[in-house]
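Taking it in order: structure first as structure tokens, then the write-up.
We did not get these values from a lab; they are worked out from the coordinates using the rules stated. Just so you know, these numbers come straight off a predicted model, no measurement behind them. Here the Cβ is made from the backbone with ideal geometry for all residues, glycine too, and neighbour counts use every protein chain on show.
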Amino acid sequence: MRIGEIQKLLNARLLCGEHLLDEEIHTVCGSDLMSDVLAFANGQMLITGLINPQVIRTAEMMDIRCIVFGRDKMPDAGMIELARDRDMVLMSSKMSMFDSCGILYQHGLRGEE
Amino acid sequence: MPDAIRMRFDVDGDDFAGAGVASSEVKRALKKLGMPPDLVKRTAICMYEGEINMVIHANGGVAMAAIRPDRVEIELCDRGPGIADVELAMQEGYSTASEQARNLGFGAGMGLPNMKRYADEMTIDSRPGEGTTVRMVIRAR
């Protein structure tokens, strides 16, 4: 699924990475625990309720290209700048992590392979 | 490529938010050198977990990486409190991390097990009261 379609489905606000909306995502990880993301996730996208620079760093280490923050949480300017520099998409959605995951699953996206 | 490309970083123990800079630099260097993607990712994970540990538990330290044609060697040295029981620390779920570390999404007792999972070799040399040195080797597969 294109990142642009994900943005529409989650009714998410795009914070950076406009040029990556045509990139395809197949696997998604939903977690607030970064060590879990580092341990098990083979995902290309992360849905999280956690807001701090280590979320961007974790995504960077895992080659995750797109992060969606749930419950309308907003990263600060430093986090957005770091993500932009690492060529990532950041989005913020009003939906909870549970709902976001459910909607994306319903539309064919999956967790780890 | 020469015998080894060596990188050395001072990891600041007071900068929770800034942790990960050394791992990021090493990952970028490996990518630039055209190392296999799987090696790059495993190295990044091992070093990042180690770097986070140094900040969370040991007030920082020194992180070093030696990049060789077929492998990466990582050495993380700190003068923190040391690990009293290494075997216990290696168990998934065991953690002595602070509330602050947990708030950042770490401290769930996954760091050392993660490092062991992704590294081909790992040794922990720790003396309570003196510090800890973690050495890891990640090989191209």
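When residues of the range B:70-80 are filtered for being in contact with an Asp or Glu (Cβ under 9 Å, 6 or more places away or on another chain) and either surrounded by fewer than 17 Cβ atoms within 10 Å (Cβ to Cβ) or within 14 Å of another protein chain (Cβ to nearest Cβ) (or both), how many remain?
Residues that pass the stated criteria total 1.
Which of the helices (runs of 4 or more DSSP H) found entirely inside the range B:54-138 contain at least 3 residues meeting this: within 20 Å of A:Ala59 (Cα to Cα)?
B:99-103, B:111-118
Would it be correct to say that A:Asp32 is within 27 Å of B:Glu51 (Cα to Cα) and acidic (Asp, Glu)?
Yes, satisfied.
Return the residue satisfying two criteria in turn: it lies in the range B:96-108 and is surrounded by 18 or more Cβ atoms within 10 Å (Cβ to Cβ) and free of Cβ contacts under 8 Å to residues at least 40 places away in the same chain, and of such residues it is farthest from the other protein chains (Cβ to nearest Cβ).
B:Ala108
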